[in-house]
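One structure is given below, encoded as structure tokens.
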Amino acid sequence: MRVVGLWVCLVLSLAFVTQATAQPAEDSTQGQRTVFPASVSQGALVFGKVPPGSKVSYAGRVLHVSSYGTVVFGVGRDEQGPLEIEIKRPDGIRDAALIAVTPRDWPVEHVNGVPPKTVNPPPDVAARIKREQALVTAARERDDDRTDFAKPFIWPVQGRISGRFGNGRVYNGQPGAGHSGMDIAAPTGTAIKAPAAGVVTFAAPDLYLTGGTLLLDHGFGVSSNFLHLSRIDVKVGERVEQGQVIGAVGATGRATGPHLHWGMNWFDVRVDPLLVLERK
């Protein structure tokens, strides 16, 4: 009877050990989920969650994956969808996510009183604009693995929204491209604060169309641009923290009055800053 009793105790002990060691495996599967929104708006900055260590591709680009499994990408103003994201998990299993794109209405804004040569620039000015835009485009290609973009953004200045992202623009009666950012009216000299932490990748006081121009990279290809500045307080390569003063509102470049143009990009894809601010 003593032998039988010892045998029963041994079996129960083994069962308890097996159950205890199996629990972490069950917990680890919780981190293997892939989560993306079912639908997004045109102009959205999209956040997703994949198992850490996954390889994720979208629109021909391999995305960074944070240590928490966060990925991010932008949806253009005219994107129709559906968006397809390809995922290869660390265990080799392949997965995919499809996201519907919700279209938006784009009202037309009429902007009058801008200098005519900024609307129809002569050849020498057009060449200058092309050179300057190439420099800005190159700065947007930075692809750091920092995750400054992941925290909630704050308003860089307080004021009335005088121009919305994506709206059609007519300059002096001549149709132009859709508005690439959000305009916030404020007096010249109003301090501009960094909406999120980042690294300065471009700073120039006098570009032809955008005047005082500053780019701040937030990591993973996400960047902010601040245009028409009267003053720039930071330098290329400098790291700034959220809320730090980076410059001042102005009316430089193609502008009819003092305001901050705040644009956001995921590489060359323009996204709506207002949607980023509204993200919880």
*asked:* Return the pair list, or none, for Cβ contacts closer than 6 Å from residues in region 191-206 that are within 16 Å of Gln242 (Cα to Cα) to residues that are outside any strand (DSSP E or B) and β-branched (Val, Ile, Thr), at least 6 apart or on different chains.
replied: Ile192/Val157; Pro195/Ile154; Val200/Val234; Val200/Val236
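Could you check how many residues of region 232-260 are surrounded by 18 or more Cβ atoms within 10 Å (Cβ to Cβ) and within 19 Å of Val199 (Cα to Cα)? Write out each step before concluding.
Narrowing region 232-260 to residues surrounded by 18 or more Cβ atoms within 10 Å (Cβ to Cβ): 232, 234, 240, 246-250, 252-255, 258-260.
When the remaining residues are screened for being within 19 Å of Val199 (Cα to Cα), the result is 232, 234, 240, 246-248.
Result for region 232-260: 6.
When region 139-180 is examined, which residues are found to be of a type in the set (Asp, Glu) and buried (at least 18 other Cβ atoms within 10 Å of the Cβ)?
Start the filter on region 139-180 by keeping residues that are of a type in the set (Asp, Glu), which leaves 141, 143-145, 148.
Within region 139-180, Asp148 is the sole residue that qualifies.
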*Please state which of the following conditions Pro122 fails to meet, knowing it meets all the rest: (1) surrounded by 14 or more Cβ atoms within 10 Å (Cβ to Cβ); (2) over 30 Å from Arg239 (Cβ atoms).*
(1)
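Here's the yes/no breakdown for (1) surrounded by 17 or more Cβ atoms within 10 Å (Cβ to Cβ); (2) assigned by TED's automatic domain parsing to the domain that holds Ser162; (3) among the hydroxyl-bearing types (Ser, Thr, Tyr):
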| residue | (1), (2), (3) |
| --- | --- |
| Thr70 | yes, no, yes |
| Glu79 | yes, no, no |
| Leu98 | no, no, no |
| Arg128 | no, yes, no |
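Could you say which residue among Gly247, Gly257, Gly212, Gly221 is in contact with a strand residue (DSSP E or B) (Cβ under 6 Å, 6 or more places away or on another chain) and touching a residue at least 60 places away in the same chain (Cβ under 8 Å)? Don't jump to the end; show me each part of the working.
Working: Gly247 fails: touching a residue at least 60 places away in the same chain (Cβ under 8 Å); Gly257 fails: in contact with a strand residue (DSSP E or B) (Cβ under 6 Å, 6 or more places away or on another chain); Gly212 fails: touching a residue at least 60 places away in the same chain (Cβ under 8 Å).
When all the criteria are applied, what remains is Gly221.
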*asked:* So, Leu229, is that one among the hydrophobic types (A, V, I, L, M, F, W, C) and in contact with a strand residue (DSSP E or B) (Cβ under 7 Å, 6 or more places away or on another chain) or not?
replied: yes
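The values are calculated or read from the model by the stated rules, or taken from the named source; none is laboratory data. For clarity, every value in this text was computed on a predicted model and none was experimentally measured. Positions of Cβ are generated from backbone atoms using ideal geometry, with glycine treated the same way; all protein chains shown enter the neighbour counts.
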